[in-house]
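Presented below is the structure to which this report refers.
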Amino acid sequence: MRASTEKAFHRAWGYLLLGFVGFAWFGLTLDPSVMAALSGLAVVYMMFQAPMWCCAENRDGTYCRKNSYGLLRGCSIRQHKWQKIKMAADNSSWSKLCRRVFAGIGGQSAVIGALAASVSALAAVVQLVVT
Ligand SMILES: [Zn+2]
């Protein structure tokens, strides 16, 4: 029981962190640099660790449904890894990548999480610069 709770925590810590950041914006007064760091960490989680489908394109035009972690990482198939890295490196492919991942299990929360974390990080940086 404990072990599985721990495992779940290891898989979902980024979401918990994001929840904490959201709470901190309204309920706590943390230093903007701390907020920026925590938000940045949440972005990294969504990019590399959030559990979701791979969603790389298969040869037959369907999307891969193997489990993978993070918006930027593919599943165990090497070609899929490259495909996602290439899409991420190309700015114009970002929306395509997001739309594709969005249709899969785990993808929606990761895309929304990544957006929320980026906005939060940006807001913290702005606060740092302004004050
Ligand atoms: Zn794949």
Counting only protein heavy atoms and using a 1.4 Å probe, what share of the accessible area of the chain belongs to carbon plus sulfur, as a whole percent? 66
Could you report the chain's accessible area per residue, 1.4 Å probe, as an integer in Å²? 63
Comparing F23, F102, F48 in a Gaussian network model of the chain (Cα, 10 Å), the one with the largest mean-square fluctuation is F23
Which pairs, out of K7/K96; K7/K66; K66/K86, put more than 24 Å between their alpha-carbon atoms? K7/K96
Give the whole-number value, in cubic angstrom per residue, of the convex hull volume spanned by the C-alpha atoms of the chain. 120
Working from Cα positions, state the angle (0 to 90°, nearest 10) between the long axis of helix 2-27 and the longest principal axis of the chain. 50
Given R₀ = 25 Å, FRET efficiency for N67-R99 by Cβ-Cβ distance, to 0.05? 0.80
Relative contact order of segment 2-130, please, whole-number percent, based on alpha carbon pairs below 8 angstrom and at least 6 residues apart. 28
Sort the following peptides by mean Cβ neighbour count (other Cβ atoms within 10 Å, averaged over residues), highest first: 60-72, 4-16. 60-72, 4-16
Segment 29-56 and segment 61-101 have their Cα centres apart by a whole-number Å value of 18
In deg cm²/dmol, rounded to 500, what helix-only [θ] at 222 nm does the chain give when every DSSP H run of at least 4 residues adds -39500 (n - 2.57) and the total is split over its residues? -22500 deg cm²/dmol
Partnerless Cys - the chain, beta-carbon criterion under 4.7 Å: C55, C98
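The values are calculated or read from the model by the stated rules, or taken from the named source; none is laboratory data. Keep in mind it's a predicted model, so treat the numbers as computed, not measured. A quick note on method: Cβ atoms are made from the backbone with ideal geometry, for glycine too, and the neighbour counts reach across all protein chains shown. Ligands, DNA and RNA are excluded from the accessible area calculation, which covers all protein heavy atoms including side chains. Shrake-Rupley method; radii C 1.70, N 1.55, O 1.52, S 1.80 Å.
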